[in-house]
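**Q** Just dropping this structure here.
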């Protein structure tokens, strides 16, 4: 039996967006990495799909699923945008169970016929077909963090395992995480200030775990741990992470995630610095 991703259906021409792939987990795993709120905004263009989740106007997560991840991908409009219930979308993508038998994957066809229409998913596993129809909503204006590379002051690229270890040791009784990035020692330091006092994790720039270190000036910024916690999901899936700060102290965490077929997707978190810190404290 041909999988959904290779079947052609004449009715496919009625859709403004059509995406097919052999393994639905390649999409569901990436979306789980940004699932910290119920709704998300989906953008589709010829480059692929971007899904954005926001919270409190202080943090934004973007999952990028490039066109090349799909076996077939097409959009007829320049850009398609709608809001969707991410919790429901993930439940549908994992309807056959999130962990299938070894060697067994769920193929997926995603269709969208245009403004006001639902997102239709057709999933097939071992000859069993399931259709899901998810209501789409009017998209909200998403935040523009105005984070551009020309304003980036400091940038570190490191292997994720190193940061995973550091994050697992953070004192979660602390409200904030302080990040120091500097051309001079200690170079890169994570600090928390919790019930047990101050704790610091230092990363030397010549560590085997640090792949690239570009720090122009010393910057110390504080971020609410509650806002950074959701990004740990993406960190757990990733192999590399790029940590950047701009001239306003805004933080970008970009995670490189390899899917089961070895293709690379990216998840990026933007976080605004904590403004509740007293000047003398900072």
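The values are calculated or read from the model by the stated rules, or taken from the named source; none is laboratory data. This structure is a prediction, so every number in the text was calculated from the model and none was measured. Cβ placement follows ideal geometry from the backbone for every residue including glycine, while neighbour counts extend to all protein chains displayed.
So that you can scan it fast, the table gives a plain yes or no per residue for (1) modelled with pLDDT of 95 or more; (2) in contact with a helix residue (DSSP H, G or I) (Cβ under 7 Å, 6 or more places away or on another chain); (3) surrounded by 18 or more Cβ atoms within 10 Å (Cβ to Cβ):
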site: 196; (1), (2), (3): no, no, no
site: 218; (1), (2), (3): yes, no, no
site: 238; (1), (2), (3): yes, yes, yes
site: 252; (1), (2), (3): yes, no, yes
site: 263; (1), (2), (3): no, yes, no
site: 280; (1), (2), (3): no, no, no
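**Q** Right, here's the next one. Please go through (1) under 23 Å from residue 174 (Cα atoms); (2) surrounded by fewer than 18 Cβ atoms within 10 Å (Cβ to Cβ) for residue 208 and return the number of the only condition it doesn't satisfy.
**A** The single condition residue 208 does not satisfy is (1).
**Q** Could you say which residue among 124, 138 is out of contact with any helix residue (DSSP H, G or I) (no Cβ under 9 Å at 6 or more places or on another chain) and crowded, with 19+ Cβ neighbours inside 10 Å?
**A** Result of the check over 124, 138: 124.
**Q** Still on this structure, please answer the following. Against the condition in the same structural domain as residue 24 (by TED's automatic domain parsing), loosely packed, with under 13 Cβ neighbours inside 10 Å and at negative phi, how does residue 131 come out, does it pass?
**A** So residue 131 passes the test.
**Q** Can you report the number of residues in region 130-152 which are out of contact with any strand residue (DSSP E or B) (no Cβ under 6 Å at 6 or more places or on another chain) and modelled with pLDDT of 95 or more?
**A** Matching residues across region 130-152 total 2.
**Q** Further, regarding this structure: Out of 122, 88, I need the residue that is farther than 19 Å from residue 252 by Cβ, part of a strand (DSSP E or B), assigned by TED's automatic domain parsing to the domain that holds residue 17 and at pLDDT 95 or above. Which one?
**A** From the options 122, 88, the qualifying one is 122.
**Q** Which ones in region 203-231 are without any contact (Cβ under 8 Å) to a residue 60 or more places away in the chain and part of a strand (DSSP E or B)?
**A** 203, 210, 211, 212, 213, 221, 223
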